[in-house]
Amino acid sequence: MPDTQPSNDQSSLHPKIEEFLIEGKLNGTLDDISVLGKLPFYLISSDASEFTMVKVESRNINKKPYLFHVIKIRPDNILVTYSLIPDTSVNLRRADVLREVSAVLSMISDKYTINQAKFIQYVDSVLDSLISGLSQTYTALYNRYDSMLTDYRELKRLNIEISASNRNLTLQSAQLTDENKTLKEQLSALQKYSDESLMALVEEWITVHNSAIDVVAFAKERNLSPTRVEQILDKMVSLGYIELKS
């Protein structure tokens, strides 16, 4: 099996080509395998020396065959030619072509006898290369998956904690909103004291407290600011309702 690797030059319009030969023997004539002409996607041509099957899987920007394989069935051997694309798995491509060839061989197994020992050796070498490559790739992918799974679980845990925290914050916010509403209502009630009502309360305090008033004590009892009490006292003095004692 050739060890040729595809070129890494992606700008090249000419893919690498590999081929392998299967020894065998045609039991009859090439016309006897005409059933292969019923396979979809294959272009078929035939002459006295070989039956040719061409499958174009993709084309380049110039519309020329880029990814393809050709199966030439001859009376004493089968030649398989296929292209390799840069930056793709060579082993996987070989296995894919081998799968196509195996399907063709199964259709003409009663008309064409292959050298099974050599064919199996080739199949074994292709599968061995493929499995070896996949084992390394699988290990790398699994390690990456395991790391990503760990990160995902950690993110999921944090998301649950954040969601719970958000619910608590929402509840606390609702409680604070209710408290704030209550305080606003209380403040609004305090601010509803008219000057006349407040002056009446001051006069009542002065009467009870021997014609004296403690501004701080009065303000605290009525949930007022001392400034508000001082303002109403000044007004009462200016209106002659009370007098300041020296």
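Data table
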item	result
Segment 193-238 - charge dipole about Cα centre, Lys and Arg +1 at Cβ, Asp and Glu -1, debye rounded to 20	140
Highest average packing first - 77-89, 217-229, Cβ atoms within 10 Å	77-89, 217-229
Estimated distance in nm for a label pair at N77 and A48, the labels positioned 7 Å out from Cα along Cα-to-Cβ	2.2
Stokes-Einstein D in µm²/s, Kirkwood radius over Cα pairs - segment 40-198 at 10 °C with 1.306 mPa s viscosity	69
Residue-span extension gain [K235 to S58] - 0.36 nm each, minus C-alpha spacing	53.8 nm
Sites E161 and D128, calculated FRET efficiency, Cβ-Cβ separation with R0 45 Å, nearest 0.05	0.35
Most mobile listed residue (K184, K25, K72) in the chain, GNM with C-alpha springs under 10 Å	K184
Residues of type aspartates and glutamates that K156 reaches as a straight line, Cα spacing below 17 Å, ignoring anything fewer than 8 places off in the same chain	D146
Percentage of interatomic Cα-Cα distances in segment 193-238 larger than 14 Å	42
Assigned charges on the beta-carbon of Lys, Arg, Asp, Glu; segment 72-159 dipole about Cα centre (debye)	120
Per-residue Cβ neighbour rank within 10 angstrom, fewest leading, K111, K156, K63	K63, K156, K111
Residue order, fewest to most beta carbons within 10 Å, for L39, L201, L183	L183, L39, L201
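Here, each number is a calculation from the coordinates, and none is a lab measurement. Since this is a predicted model, take the numbers as computed values, not measurements. Reconstructed Cβ throughout: ideal geometry from the backbone, glycine too, with neighbour counts over all protein chains shown.
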